[in-house]
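S.K.: Starting off with a structure, shown below.
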Amino acid sequence: MDVRARIGELKRRKNAVILAHNYQLPEVQDAADFVGDSLELSRKAAGLDASTIVFCGVHFMAETAAVLAPGKTVLLPEVEAGCPMSDMINGRELRAWKARYPGLKVVCYVNTSAEVKAESDICCTSSNAVAVVNSLGVDRCLFVPDKNLAAYVARETGKTVIAWDGYCYVHHRFTPRDIEAARASHPQAEVWVHPECPLDVIELADKVLSTGQMVLEARTTSRREVVIGTEKGIIYRLSKENPAVAFFPARESALCAHMKMTTLGKILRALETDTFRVEVPGEMADRARGAIRAMLEIA
Ligand code: 13P
Ligand code: SF4
């Protein structure tokens, strides 16, 4: 029996569901029951009627699923698949930082550990960060860990967003020259970038979209060519779902090594051996759930 068939059989036997982020390898996206962005995957995990969730993404995503689906077994097929941006701040550092700004609300990007979420007032994703900050009804807030997303949110809301000095190494490397070169090579194309890119890149784009918003936009665009300024893995899904549109990466080297660690073989191993289980201790999970639920209520 081949790997796909064995995965299918084990999924049925264990009442398991495979969730995959839009940046995952094509073979993983094709094997998944649901492919989505961070917000879509959080919502899906919260509503699933399955005993086991195999999370094909990075560690903070599996943790978010574990927080939202207590009682379910959450498996991360590759234990080393972390997110370097989420590792740029821990709970102790956030406690010390927020003590310097008494009274200010803390917004945490979903790309954070459960212990950081537990120290935050509300979570956000790249789809809803602007709406989340607007919902606070305040002029100033703290934002962790992505300084680029924070700068974009500040621009869109007109509020003072005090940011931690974190960034995604994949998106932070995009430069205005990448966008200018892509426009020169594809003069008819529209340019879509992710809000984790630096503000000088965002300012040159036609649209600023999360990965899930790119998937939706691609379904209705009248353009025949689009330049994509985010991790290249999403181009597989965009091209598969929209064969009449040509998608070009704004930067050929925009690859997240951690997102590419998960393979079909590792999904099979996860199901065979129930590894690697991602669990969040009770009180921390309750507090992190509060920040995530606050987000899910408003956007
Ligand atoms: P979204 O899928 O929410 O756009 O996030 C991108 C990302 O970098 C996830 O790690
Ligand atoms: Fe983290 Fe960036 Fe990789 Fe997303 S693309 S998992 S933010 S390092």
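The values are calculated or read from the model by the stated rules, or taken from the named source; none is laboratory data. The shown structure was predicted, so the numbers you read here are calculated from the model rather than taken from an experiment. Positions of Cβ are backbone-derived with ideal geometry, glycine not excepted, and every protein chain shown enters the neighbour counts.
S.K.: Condition check: away from ligand 2 (no atom under 16 Å from the Cβ) and either surrounded by 23 or more Cβ atoms within 10 Å (Cβ to Cβ) or in a helix (DSSP H, G or I) (or both). Does Lys117 satisfy that?
M.R.: For Lys117, the condition - away from ligand 2 (no atom under 16 Å from the Cβ) and either surrounded by 23 or more Cβ atoms within 10 Å (Cβ to Cβ) or in a helix (DSSP H, G or I) (or both) - is not met.
S.K.: Taking region 103-157 on its own, how many of its residues are over 17 Å from Leu41 (Cβ atoms), of a type in the set (Lys, Arg) and out of contact with any Leu (no Cβ under 9 Å at 6 or more places or on another chain)?
M.R.: Count: 1.
S.K.: Please work out which residue is farthest from Ala66 (Cα to Cα), limiting yourself to region 8-26 and to residues that are touching a Lys or Arg at 6+ places or on another chain (Cβ under 9 Å) and away from ligand 2 (no atom under 16 Å from the Cβ).
M.R.: Kept after step one, since they are touching a Lys or Arg at 6+ places or on another chain (Cβ under 9 Å), are these residues of region 8-26: 17-19, 22-26.
Now restrict to residues that are away from ligand 2 (no atom under 16 Å from the Cβ): 17-18, 26.
On the way: Val17: 14, Ile18: 14, Pro26: 25 Å.
In this case the residue turns out to be Pro26.
S.K.: For region 65-100, what are the residues that are in a strand (DSSP E or B) and not aliphatic (A, V, I, L, M)?
M.R.: First, pick out the residues of region 65-100 that are in a strand (DSSP E or B): 73-75.
Hit for region 65-100 is Thr73, nothing else.
S.K.: Here is a follow-up. Take the residues in region 154-174 that are within 16 Å of ligand 1 (Cβ to nearest atom) and free of Cβ contacts under 8 Å to residues at least 40 places away in the same chain, then tell me which one is nearest to Val193 (Cα to Cα).
M.R.: So the residue we want is His172.
S.K.: I'd like to check something: does region 139-160 contain any residue that is touching a Pro at 6+ places or on another chain (Cβ under 7 Å), surrounded by fewer than 20 Cβ atoms within 10 Å (Cβ to Cβ) and not hydroxyl-bearing (Ser, Thr, Tyr)? Break it down into steps so the answer makes sense when it comes.
M.R.: Kept after step one, since they are touching a Pro at 6+ places or on another chain (Cβ under 7 Å), are these residues of region 139-160: 148-149, 152.
Going one step further and asking which of them are surrounded by fewer than 20 Cβ atoms within 10 Å (Cβ to Cβ), we end up with none.
The answer is no, given that none of the residues of region 139-160 is touching a Pro at 6+ places or on another chain (Cβ under 7 Å), surrounded by fewer than 20 Cβ atoms within 10 Å (Cβ to Cβ) and not hydroxyl-bearing (Ser, Thr, Tyr).
S.K.: Which of the residues that make up region 237-260 are away from ligand 1 (no atom under 12 Å from the Cβ), closer than 13 Å to Val215 by Cβ and crowded, with 19+ Cβ neighbours inside 10 Å?
M.R.: Within region 237-260, Leu238, Phe247 qualify.
S.K.: Scan (1) surrounded by fewer than 22 Cβ atoms within 10 Å (Cβ to Cβ); (2) assigned to a helix (DSSP H, G or I) for the single condition Val28 breaks and write down its number.
M.R.: All conditions are met except number (1).
S.K.: Inspect region 42-55 for any residue being surrounded by 24 or more Cβ atoms within 10 Å (Cβ to Cβ), aromatic (Phe, Trp, Tyr) and within 11 Å of ligand 1 (Cβ to nearest atom) and give the result as yes or no.
M.R.: Checked against the condition, which is being surrounded by 24 or more Cβ atoms within 10 Å (Cβ to Cβ), aromatic (Phe, Trp, Tyr) and within 11 Å of ligand 1 (Cβ to nearest atom), region 42-55 yields no hits at all.
S.K.: Next question. Could you check, for region 38-49, whether at least one of its residues is under 17 Å from Cys123 (Cα atoms), of a type outside the set (Val, Ile, Thr), touching a Leu at 6+ places or on another chain (Cβ under 8 Å) and in a loop (DSSP other than H, G, I, E, B)?
M.R.: Let us first name the residues in region 38-49 that are under 17 Å from Cys123 (Cα atoms), namely 38-46.
Next, only the ones that are of a type outside the set (Val, Ile, Thr) stay: 38-46.
Applying the additional criterion that residues be touching a Leu at 6+ places or on another chain (Cβ under 8 Å) yields 41-46.
In the following step, the residues that additionally are in a loop (DSSP other than H, G, I, E, B) were identified as none.
Looking for residues that are under 17 Å from Cys123 (Cα atoms), of a type outside the set (Val, Ile, Thr), touching a Leu at 6+ places or on another chain (Cβ under 8 Å) and in a loop (DSSP other than H, G, I, E, B), one finds none in region 38-49, hence no.
S.K.: Looking only at region 90-104, which residues are among the aliphatic types (A, V, I, L, M) and closer than 21 Å to Phe60 by Cα?
M.R.: We begin by selecting, within region 90-104, every residue among the aliphatic types (A, V, I, L, M); these are 94, 96, 99, 104.
The one that is among the aliphatic types (A, V, I, L, M) and closer than 21 Å to Phe60 by Cα: Leu94.
S.K.: Let me ask something additional. Quick test of your reading of the structure: Ala69 fulfils all but one of (1) of a type in the set (A, V, I, L, M); (2) in contact (Cβ under 8 Å) with a residue 12 or more places away in the chain; (3) surrounded by fewer than 24 Cβ atoms within 10 Å (Cβ to Cβ); (4) more than 17 Å from Ile292 (Cα to Cα). Name the failing condition by number.
M.R.: Every listed condition holds for Ala69 apart from (4).
S.K.: Another question, then. Please go through region 130-153 and give me each residue that is away from ligand 2 (no atom under 16 Å from the Cβ), touching a residue at least 40 places away in the same chain (Cβ under 8 Å) and assigned to a strand (DSSP E or B), ordered by number.
M.R.: Correct list: Leu142 only.
S.K.: Something else now. Only one of Glu93, Glu63 is within 20 Å of Ala285 (Cα to Cα), modelled with pLDDT of 95 or more and either crowded, with 17+ Cβ neighbours inside 10 Å or touching a strand residue (DSSP E or B) at 6+ places or on another chain (Cβ under 6 Å) (or both); which? Working first, answer last.
M.R.: Values: Glu93 fails: either crowded, with 17+ Cβ neighbours inside 10 Å or touching a strand residue (DSSP E or B) at 6+ places or on another chain (Cβ under 6 Å) (or both).
Result of the check over Glu93, Glu63: Glu63.
S.K.: OK, next. Please go through region 90-113 and pick out each residue that is over 16 Å from Ala291 (Cα atoms), within 24 Å of the chain's Cα centre (by Cα) and of a type in the set (Lys, Arg).
M.R.: Of everything in region 90-113, just one residue is over 16 Å from Ala291 (Cα atoms), within 24 Å of the chain's Cα centre (by Cα) and of a type in the set (Lys, Arg), namely Arg92.
S.K.: How about region 52-88: which of its residues are hydroxyl-bearing (Ser, Thr, Tyr) and over 13 Å from the mean Cα position of the chain (by Cα)? Let's see the steps before the verdict.
M.R.: Going through region 52-88, the residues hydroxyl-bearing (Ser, Thr, Tyr) turn out to be 52, 64, 73, 86.
Selection gives Thr52, Thr73.
S.K.: So, of the residues in region 181-198 that are assigned to a loop (DSSP other than H, G, I, E, B) and in contact (Cβ under 8 Å) with a residue 24 or more places away in the chain, which turns out to be surrounded by the fewest Cβ atoms within 10 Å (Cβ to Cβ)?
M.R.: As a first pass, look at region 181-198 and keep what is assigned to a loop (DSSP other than H, G, I, E, B): 186-189, 194-198.
When the remaining residues are screened for being in contact (Cβ under 8 Å) with a residue 24 or more places away in the chain, the result is 186, 188-189, 194-198.
On the way: His186: 16, Gln188: 10, Ala189: 21, His194: 29, Pro195: 26, Glu196: 26, Cys197: 31, Pro198: 19.
This residue is Gln188.
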